[in-house]
Amino acid sequence: MENRLIISNHKEHTAANLCGSATSWGPDFVGSDKQFCDMSSKKLSPLCSEKDVDGCVDIDQAGAVITQRSIARRKVSTFKSYSKVSVWEDN
């Protein structure tokens, strides 16, 4: 599960709910709330496109690489990379 990322556009699929659940487990997740959940640490981070704050994350076009910004240090670094990305579209 460590090399997998799920991106969901379904309204009811939020990263905040997933990260906040004590019993949730699985791959890292980007929810409809435009937040990223690092499932190994249960840490929630906003997408930089929504909130340009320290610690926000950017996802490349393919979703395979996530970078994290440090505004105070003016630094962008590769945070995580994935071999499998699944996008769940809201129909």
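FYI, it's all coordinate maths here, none of it is from the lab. Model, not experiment: these values are computed from the prediction. FYI the Cβ positions are ideal-geometry reconstructions off the backbone, even for glycines, and counts take in every protein chain you see.
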Check: Among 69, 4, which comes first, second and so on when ranked by fewest other beta-carbon atoms within 10 Å?
Finding: 4, 69
Item checked: Top of 11, 80, 34 by mean-square fluctuation, Gaussian network on the chain, Cα under 10 Å -> 11
Check: Is it possible to state the helix-based mean residue ellipticity at 222 nm for the chain, with each DSSP H run of 4+ residues giving -39500 (n - 2.57), the sum divided by total residues, to the nearest 500 deg cm²/dmol? What is it?
Finding: -1500 deg cm²/dmol
Check: Roughly what would the spin-label model give for residue 83 and residue 62, points 7 Å off Cα along C-beta, in nm?
Finding: 1.4 nm
Notebook entry, point to check: What is the Å³ per residue value for the convex hull set by the Cα atoms of the chain?
Noted result: 94 Å³
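Taking the mean number of other Cβ atoms within 10 Å as a proxy for protection, how do you rank 36-42, 49-55 from highest to lowest?
Working: 36-42: 18.1, 49-55: 12.0.
Result, highest mean first: 36-42, 49-55.
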Next item on the list: Check cross-link reach from residue 51 to the lysines: straight Cα distance under 17 Å, and skip same-chain residues fewer than eight apart.
Entry: 34, 43, 75
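For every other residue with a beta carbon closer than 10 angstrom to the beta carbon of residue 55, add +1 if it is Lys or Arg and -1 if Asp or Glu, then tell me the sum. Please list the in-between numbers first.
Values: positive: 43, 51, 69; negative: 54.
Net local charge, residue 55 excluded: +2.
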